[in-house]
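The values are calculated or read from the model by the stated rules, or taken from the named source; none is laboratory data. Fair warning: this is a prediction, and the values are worked out from it, not measured in the lab. As a convention, Cβ positions derive from the backbone with ideal geometry for all residues, glycine included, and neighbour counts pool all protein chains shown. Just the protein is used for accessible areas: all its heavy atoms, side chains included, with ligands, DNA and RNA removed. Shrake-Rupley method; radii C 1.70, N 1.55, O 1.52, S 1.80 Å.
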Amino acid sequence: MPQARLDPSAIHPQAAHFDWIYYKSWLSLWLHAPDDVLHIHAGLLILVVSAWVLRRPPWDWRPYIIVVAIESANELYDVFQTAYVTDEGNWASAWHDFWLTMLWPTVILVAFRWLVRRGERRALVPDASTVEQRLGEDADVRTDIGPA
């Protein structure tokens, strides 16, 4: 049996106010992506855009806080909105969506800081092959200081 497809243009917003649920539903239908996928991508997109606007690296705490704030506002709206009867009007769904949105920004915040510090330490402490290469390149340089 063929599966019924919803047309994104068939969803109409509630009259006289901005309807966030409408736009999220429309985007989900238009992209053919479930809500969970949108949360994952939205978290990364908000992190990258906020890092760009703030001129900070994505692993800085400031872009991360912006993702937390926007996702918190989104989930509070989902829980307390009354325009549509959805399965998002409960705290379990809100925590699930919050967790999905914050997963990769949190990994970036923690792991990238660690990787940057590790890279800085490696740059400060040359390994043996680097030292040997430098000594080999400088072998023709005169090292004695006395008169010739």
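General remarks:
- Filtering 104, 91 for residues that are open to solvent by 100 Å² or more (accessible area, probe 1.4 Å), within 19 Å of residue 62 (Cα to Cα), out of contact with any Ser or Thr (no Cβ under 6 Å at 6 or more places or on another chain) and at pLDDT 65 or above leaves a single hit, 104.
- Scanning region 41-74 for residues that are in contact (Cβ under 8 Å) with a residue 60 or more places away in the chain and crowded, with 19+ Cβ neighbours inside 10 Å returns 43, 47.
- Residues in region 24-40 that are open to solvent by less than 50 Å² (accessible area, probe 1.4 Å) and free of Cβ contacts under 8 Å to residues at least 12 places away in the same chain: 28, 33.
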